[in-house]
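Structure record follows, encoded as C-alpha cells.
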Amino acid sequence: MKVTVKSWTGVATWRWVANDDNCGICRMPFDSCCPDCKLPGDDCPLVWGACSHCFHIHCIVKWLHSQPQQQCPMCRQDWKFNNK
Amino acid sequence: MSHKKGDLKVYWNKITYAFPILNDNIFSDCTNAEYDEVQHIIVGLGVQIKIRDLVLIHIEKHLRQHVAPKFWSKFIKVNEDVRGFQLFKSAVNDLYEAVSSFSSMMCRLTILNNSCNDNKPIYGEKDVVLGFKQLVRATLLSQLPLDFQVIINHFYKISFNVFDNEYENSDMSEDIMCSGCGNEYADCNCAYIVKVFHETNRKLMDLQLLERLTGQVLTNFIQLRIESHIQKLCTGTFDVSHVGFLENWLDTTVMSWLTRIYCGGSSKPPPDDKNIQNAISKFKQKLRYFLYHSYTKLRIDQLFNIIIEYPDSQPAVDDIKFCLDKTDLRSTLCKKLQNALETRLLHSGVNTPDILTAYISTIRALRHLDPSGVILETVTKPVRNYLRNREDTVRSVVSSLTEEGAGSELAEELAKYTGEPEGDADNDEAWDEWNPDPVDADPKVDPKDRRTSDIISMLVNVYGSKELFVNEYRTLLADRLLAQSVINTEKEIRYLELLKLRFGEAQLHFCEVMLKDISDSKRINSLIHQDSSIEELNKEFVSNAMILSAQFWPPFKDENLELPDEIKRHLEAYTKSYEALKGNRTLSWKPHLGNVNIEIEIGEKKLDLTVSPFNATLIMHFQNKPQWSIEELHQVMKVPVTVLRRKITYWQTMGLIMEKGSDYFVLADETENKANVSANQVQEMICEDEETESVMASAHDQREGELQVFWSYIVGMLTNLDSLPLDRIHQMLKMFASQVPGTECSLQELRQFLDTKVRTHQLVLQGGLYKLPKTIGLR
Ligand SMILES: [Zn+2]
Ligand SMILES: [Zn+2]
Ligand SMILES: [Zn+2]
C-alpha cells in the first residue's frame, strides 16, 4: 500500500506576538479589536512604543489625542512609535 | 220515597246497562233516550255521586288490569326493525280502539257528573273526558316496562329511512332495492310505511302520548342519526367544509320528518297551533346545537391530523372556527389537542425536525382558528417546554432555517421577513375589527405579542433568548465552514444578511468575522504559495490553511493529535511564511482540524479520498510499518486509546486495516482487500466521517463544563445522605453555590446535568431519588 498526500488543509488560529494578552487601554484582547472597530487583525493592528508596551493603534492614538503630554499610559515614559 | 227490593234490582240492572263497566264490560247498546231514563232513576235515588265514583273506580281498575298490560305486552325486545314497527303500530292501534270504545260511556258519565254538582275534579280535570285521558296516561306510565324504547326505536328508524331516502336520493337508477324500505322496488313498502307512520303519530297525538312516550326516544334517535351522518360525511378528508351541508340536511330531512310527526303527516304545522309550532322550533334549536356540538367534537378529535395537513385542511379549520362560536367547546379543544400533541409528538421516538414541522403547522393552523393567539399559547406550552429540553432543537431550527430549496418552510419564512413589524401601517384602519381577548387569555401576556409574533420568533422564543439561538447558529456555521473544502461564501453572506435583519447586527457580528476569515484565508494561501521556500515544499503536496480569529469563533473541543513529521515540516514552513507576511503575528495550529486529500494505491487500484487529519495520519503510519498495537499508536499520535479504538474503525470498514489480536492492528493483505473496497462504499464512508460530530463544543457542552463545578458537591452530598430528590439537591447547591462566584443553576439545568450523569452511570435514579452507584463510591 502506498499513501500519497495530495493536499493538506490545516486549521490554525492567528495571534499577535506581544508580551501581554489584553490591550492596556481598552482591556480587550489584542486578538480581538478595539471598541471602535468591527474586524480584528489588519483592520485594527497593534503598535509598539519605544518603551516596548503595545496597544491597539486606534486606542493609543485616541489616548494621545486626549492627553496634554505624549506618554505611554502604562509606564508614563514619553511615547515613541517603534517601527520594528 | 220507599222502594221495594225488586225495584232496586231493576234499577241496578238499568244502571249497569248504561255503565257496563260496573260488570267489567265496556259495550252497551244504551241509547240516549234510554239513558235519560236511567239518569232520572239515579237522580231520583240521589246516588249520582256514589254511582259516578263507583264507575270511575271500575274504569280505573279496568285500565289497570286490562288496557295497560295489553298495551305494554307488545313492547318486547325484538331484533328485526320490521317486527318492531308492526308491534308498535298494533299496540297504538289497540290502545286507541280501547280508549275509543269508552266514548259513549264517557258521554253518559259526563251527564251523570254534571248532575252531581259537587265540582269535584276528575283526575285533576274539570272535564270527564279530559280526566279520563289523564287517567289513561297515568295508568300506562305507571306500568312502564324497562325496554319500552326498543320497538319505538324500530318504528322511527324504519320511517326515518324512508324519509331520508326521499330527500337524499335522486339517482336510484342502478339499485334494485329501495334504500327506503329495503324491499325490491316492485314490492316497495314506503307508501305503506308513511301511511302507518302518520296514522300512528296522529293517534298518539290524540291520546296526548306522543311527547311522553316517544320524546326521549326521538331525541336519542335523531341525535344518533346526526352523529352517524356526521361520521359518514367527515371521515378522513379535511379539505371540504361540511357545516353548510349539515345545516341543510338538518333543515330538510330531519326537521320535515319531525314536523310530520308532530302534525300528523302534514308538512307544515297548523298556523293557529302555537303549541306545536313552539315544540317544533324548540326541538330544532336543540338539534342545531347538537349538530354543531357533535360535528365540532368529531373535528376536535381529528384536530391533530387536520393541523398536520394544514393548509390543505383549511376548510376543516374554518368549520371548527365557525362552530366554536356556537358551542362551549373551547376548553375541550385545548385539552384534547394538548393531549394529542403530547401523545403523538412529545416523546423520544419522534425526531426533532418532525416535532418542529408539526409545531409550525400548529402555529399556522391555530393562528387561523383563533386570531387572538390564546388557544395557540395554551395548547403549545408543553411543546415549547419539551423542545427546550431537547438537545438538538436549536440545531434543527438553525439547519432548517438555512436549508436550501423547497420544503423548508422556515427558510421561506426567513426570506419573507423584511425587518419591519408586519401590518403596523394598517393598524389604524383595522380599528373596527378589534375584538376583546377571550376570557381564557393569560392577562400577563401582551395581546399584541400574542397576535403578531411570527413563526421564527416563536421558535426562537422557545429558548427565551436570542443569544443562545445565535450562539448555536455560530457553532453550526463554524462546523460547516471547517468541514467544506469548497465554501460558497457568497451564499453564506447573503444568508447572514437575512439573519441580521431578524436578530440584529450585534448578535451576528461574530459570524461576519468568521466568514471574513475564510475568504481572507484564501487570499493568504495564494500569497504564501508564491513564497519560494513554500513553492519548493508544495512540489511534494500543497499545504493550505484556514486561519481563524480565535476570539470570534466558538470554542473548539480540545483534542490532541501528533502529526507525521513531514506534515509538521510543511506547517512550520507555512507558519514562517505567514509570520513574514504579517509582521508580529503568528499561527497556532489545530492539528486535528482540517481535511486531507490522499491517494491510496493498493495493487492496481487507486483510491482518491478526502479524510480527516486523524485518518490521514493513521494510514500514513501503517504505510511505514504494517503492524501496530494500540499502545504504540498512542505513543506516536498522542491520542487517547479510547479515541483511537473508536476512530480506527473507519479504516477497518474500508477494509484496509484489520484487528488481528485484541488491540493489535495490521494492514490488510493486498490481495484480500480488493474485494472489500468499492468506490461507492468509499463515498458513503467519507460522508459518515465528515458528518458525525461537531468539532465545536456545543452550547450544551459549554454549560455542562460550567456545571461540572457542582459535581464534587453533589457527590459529597450523596455520600453523606445516600439519596436525594432533585429539588433538595437544588436547594443545597444554591447554598453552596454562593461560595462559587458566577455560577447560577436552574432546576431545569440541574435535571439535565444529573441526567447525563445517570446516562454515563455516574448516578442512579430510583423512584425520583438520585444516588451514587454502589461500585463507584467516592470518586
Ligand atoms: Zn485597545
Ligand atoms: Zn481599532
Ligand atoms: Zn510603556
Note on B:Lys638: of the conditions (1) away from chain A (no Cβ under 14 Å); (2) more than 30 Å from B:His529 (Cβ to Cβ); (3) surrounded by fewer than 19 Cβ atoms within 10 Å (Cβ to Cβ), unmet is (2)
Given (1) at pLDDT 90 or above; (2) within 13 Å of chain A (Cβ to nearest Cβ); (3) loosely packed, with under 15 Cβ neighbours inside 10 Å, number of the condition B:Ser526 does not satisfy: (2)
Residues (within 16 Å of B:Leu548 (Cβ to Cβ), within 8 Å of chain A (Cβ to nearest Cβ) and of a type outside the set (A, V, I, L, M)) located in the range B:561-598: B:Tyr574, B:Thr575, B:Tyr578, B:Lys582, B:Arg585, B:Thr586, B:Ser588, B:Trp589, B:Lys590, B:Pro591, B:Gly594, B:Asn595
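For (1) at pLDDT 90 or above; (2) buried (at least 19 other Cβ atoms within 10 Å of the Cβ); (3) basic (Lys, Arg), each residue gets a yes or a no:
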| site | (1), (2), (3) |
| --- | --- |
| B:His570 | yes, yes, no |
| B:Val596 | yes, yes, no |
| B:Glu601 | no, no, no |
| B:Asn615 | yes, yes, no |
| B:Asn624 | yes, no, no |
| B:Glu632 | yes, no, no |
| B:Thr649 | no, no, no |
Based on this model, can you work out whether B:Glu659 counts as more than 30 Å from A:Pro45 (Cβ to Cβ) and at pLDDT 90 or above? no
Hey, among the residues in the range A:56-79 that are away from chain B (no Cβ under 14 Å) and away from ligand 3 (no atom under 14 Å from the Cβ), which one's most open to solvent (accessible area, probe 1.4 Å)? A:His65
Tabulated pairs, the range A:1-15, first in contact (Cβ under 8 Å) with a residue 24 or more places away in the chain and at the interface with chain B (Cβ under 7 Å from one of its Cβ atoms), second assigned to a strand (DSSP E or B) and basic (Lys, Arg), C-beta under 6 angstrom, 6+ apart or interchain: A:Trp14/B:Arg585
Within the range A:16-41, track down each residue that is open to solvent by less than 20 Å² (accessible area, probe 1.4 Å), within 9 Å of chain B (Cβ to nearest Cβ) and either more than 10 Å from the chain's Cα centre (by Cα) or within 16 Å of ligand 3 (Cβ to nearest atom) (or both). none
Taking helices (runs of 4 or more DSSP H) that do not extend beyond the range B:55-141, which have at least 1 residues that are in contact (Cβ under 8 Å) with a residue 60 or more places away in the chain and among the charged types (D, E, K, R)? B:81-100, B:103-116
For the range A:1-52, enumerate the residues that are more than 16 Å from ligand 1 (Cβ to nearest atom) and among the basic types (Lys, Arg). A:Lys2, A:Lys6
If you check every pair at least six apart or on different chains, which have Cβ atoms under 6 Å apart with a residue in the range B:492-511 that is more than 14 Å from every other protein chain (Cβ to nearest Cβ) first and a residue that is hydroxyl-bearing (Ser, Thr, Tyr) and assigned to a loop (DSSP other than H, G, I, E, B) second? B:Arg502/B:Tyr417
For residues that are facing chain A (nearest Cβ under 9 Å) and touching a Phe, Trp or Tyr at 6+ places or on another chain (Cβ under 9 Å), scanning just the range B:599-635, find the one that is nearest to B:Ile547 (Cα to Cα). B:Pro613
For A:Asn82, only one of the following conditions fails: (1) more than 9 Å from the chain's Cα centre (by Cα); (2) under 29 Å from B:Asp517 (Cβ atoms); (3) more than 11 Å from ligand 3 (Cβ to nearest atom); (4) not aromatic (Phe, Trp, Tyr). What is its number? (3)
Is there a residue in the range B:224-241 that is farther than 27 Å from B:Gln314 by Cα and open to solvent by 20 Å² or more (accessible area, probe 1.4 Å)? yes
If I go through the range B:529-545 residue by residue, how many of them are touching a residue at least 40 places away in the same chain (Cβ under 8 Å) and open to solvent by less than 50 Å² (accessible area, probe 1.4 Å)? 3
Counting only residues that are open to solvent by 10 Å² or more (accessible area, probe 1.4 Å) and more than 10 Å from chain B (Cβ to nearest Cβ), which one in the range A:42-55 is nearest to ligand 2 (Cβ to nearest atom)? A:His53
I need every pair where a residue in the range A:57-70 that is within 12 Å of A:Cys44 (Cα to Cα) has its Cβ under 8 Å from the Cβ of a residue that is aromatic (Phe, Trp, Tyr) and more than 10 Å from ligand 2 (Cβ to nearest atom), sequence separation at least 6 or different chains. A:Ile60/A:Trp79
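The values are calculated or read from the model by the stated rules, or taken from the named source; none is laboratory data. All of these numbers come straight from a predicted model, not from anything done at the bench. Glycine also receives a Cβ, built like all others from the backbone with ideal geometry; neighbour counts cover every protein chain displayed. For accessibility, only protein heavy atoms count, side chains too; no ligands or nucleic acids. Shrake-Rupley method; radii C 1.70, N 1.55, O 1.52, S 1.80 Å.
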